[in-house]
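A short worksheet on the structure shown next.
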Amino acid sequence: MYYVKESIKNCLRIFPQQGRSSYLRLDMNENPEGLPKKYVDEVLKELTPEFLSMYPETDMFMEKYAGYVGAHKENICTTNGSDMAIRYIMEVFVEEGKNVVTVTPSFEMYGVNCDMLGFKHKPVPYRQDFTVRIEDVLEAMDEDTDMVALLNPNNPIGTVFTEEEADRVIEKANKVGAIVVIDEAYHYFYPESFIKKALENDNVLVLRTFSKLCSLASLRLGIIIGNPVLIRYIMKARPTFDVNAVALKFGEYLLDHKEIFDYLISIEKEGRKFIENKLIENKYEYMIHKGNYVFIKPRQEASAMKEALKERKILVKTYGNELLKDWIRINTGSVKVMNEFFDIFYRLDHEAQ
Ligand SMILES: Cc1ncc(COP(=O)(O)O)c(C=O)c1O
């Protein structure tokens with residue numbers, strides 16, 4: 001009988017729904033409408049047969065990205081989405097039998113990667129008031145902690161850590177010998193960044209992605225920023241060609257047209273304000289923190305609302321855990337998208353009364 005790694009046998013995976021393209025997608029924090037078409041068309045013009053026949057080269061993109069965040073090329077490593085960044089960091093910096101500290105609920109792939117790789121996951125729960133106490137995180141970190149992840153803002157609850165809180169975690173991580181991962185997947189919707197912590201410390205890595213604001217989730221382009229020694233270790237752990245050339249080309253194009261970032265931010269901000277006003281006007285309980293997502297408490301059961309919306313071709317997210325079980329979460333989009341969602345949501349919620 002062939003060998004199967006025990007941690008893979010026992011790992012619980014939920015694979016994403018397929019066929020989502022015919023739905024209004026408000027369930028995975030993507031930009032539901034994508035980039036303006038003229039930008040996409042411009043890049044597509046450069047995808048010649050010769051370009052596609054060549055193995056990808058990352059230097060140009062890395063130089064542009066480094067310049068964009070005030071770092072050097074040696075501080076940057078590209079990955080096949082930040083999902084893959086999480087995997088590499090754990091493979092390189094977490095020892096067998098040691099633990100990884102995150103908050104919970106959080107982006108599932110931190111826990112899933114621990115399960116896949118056979119590491120202990122120490123999830124620190126949110127309190128009933130939807131906040132995390134930094135003391136709880138610090139308390140969870142012990143001599144066996146090799147990695148702690150701070151998602152800033154967190155997904156799904158978009159809370160953020162203050163600089164003082166981040167410093168306390170970094171200090172404790174130094175004491176116990178752990179790497180601190182600061183995941184800034186939703187950075188652009190929330191302007192603060194801890195990149196300088198990654199550049200100043202020798203145990204801090206910041207993750208960024210082109211999947212969310214930059215609207216390129218299909219291309220899988222993630223970035224790790226950190227001290228050159230850490231980055232070098234991660235590069236040794238990567239396959240030779242990890243990120244594809246089309247993703248790098250789109251990334252370079254956006255970095256050459258930075259005005260697009262402000263444009264996309266303004267579209268999301270207007271949409272977020274619009275949906276917030278609708279929820280206030282119609283007396284809905286809601287939570288809006290710092291990411292491109294909103295929690296709404298429907299008057300009917302959250303799971304029934306999710307199914308009713310799905311029948312109307314709208315995908316939203318619900319959660320099984322006690323803290324979030326009464327809520328649906330949608331990611332935001334333009335005013336047009338938010339209007340389309342709210343019209344149908346409101347009608348369905350009233351029909352069910
Ligand atoms: C906090 C966080 N980190 C990382 C990711 C992964 O993003 P990607 O692999 O598309 O770069 C996500 C995706 O939802 C996320 O929410």
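Close Lys pairs in segment 171-290 (alpha-carbon distance under 16 Å; sequence gap of 8 or more, or different chains): 9. Entry comment: accessible area of segment 55-256 is 39 Å² per residue, from protein heavy atoms only and a probe of 1.4 Å. The residues S303, S53, S82, sorted by heavy-atom accessible surface at 1.4 Å with ligands and nucleic acids left out, run S53, S303, S82 from largest to smallest. A simple spin-label model places pseudo-atoms 7 Å from Cα toward Cβ; at Q300 and I344 they are separated by 1.4 nm. Compared with the direct C-alpha span, the chain from R168 to N277 gains 35.5 nm at full extension, assuming 0.36 nm per residue. The peptide list 192-205, 230-243, put in order of mean Cβ contacts within 10 Å with the highest first, becomes 192-205, 230-243. Would you give the gap between the C-alpha center of segment 281-304 and the C-alpha center of segment 199-252, rounded to a whole Å? Taking the Cα centre of each part, segment 281-304 and segment 199-252 sit 33 Å apart.
Sequence-ordered 3J(HN,Hα) estimates for segment 323-331 from the Karplus curve with 6.51, -1.76 and 1.60 and θ = phi - 60° stand at 5, 10, 5, 8, 10, 10, 10, 10, 8 Hz, glycine and proline given as x. Site pair V176 and Y2 shows an inter-label distance of 3.8 nm when each label is modelled 7 Å from Cα along Cα→Cβ. Note on exposure: Y110, Y39 ranked by accessible area (1.4 Å probe, complete protein assembly) read Y39, Y110, with the most exposed listed first. Pairwise Cα distances in segment 55-256 exceed 26 Å in 27 percent of cases.
In this label model, K37 and K236 are separated by 4.9 nm, measuring between points 7 Å along each Cα→Cβ vector.
Considering only L150, P191, V169, the residue lying farthest towards the positive end of the dipole of segment 123-196 is P191, judged by Cα position with unit charges set on Cβ.
Dipole magnitude for the chain: about 860 debye, using +1 per Lys or Arg Cβ and -1 per Asp or Glu Cβ, origin at the Cα centre.
Normalised by residue count, the chain yields a Cα convex hull volume of 157 Å³ per residue. Considering only C77, F93, L205, and ranking their Cα positions along the charge dipole of segment 55-256 that arises from unit charges at the beta-carbon of Lys, Arg, Asp and Glu, the one farthest toward the positive end is C77. Between the alpha-carbon centers of segment 327-353 and segment 112-144, tell me the distance in whole angstrom. After rounding, the separation between the Cα centres reads 33 Å.
The calculated FRET efficiency for F261 paired with E91, based on their beta-carbon distance and R0 = 35 Å, is about 0.65.
The values are calculated or read from the model by the stated rules, or taken from the named source; none is laboratory data. In this text, all values refer to a predicted model and were calculated from it rather than measured experimentally. Virtual Cβ from ideal backbone geometry, glycine too; neighbours counted across all protein chains shown. Areas reflect the complete protein model, heavy atoms only, side chains present, ligands, DNA and RNA absent. Shrake-Rupley method; radii C 1.70, N 1.55, O 1.52, S 1.80 Å.
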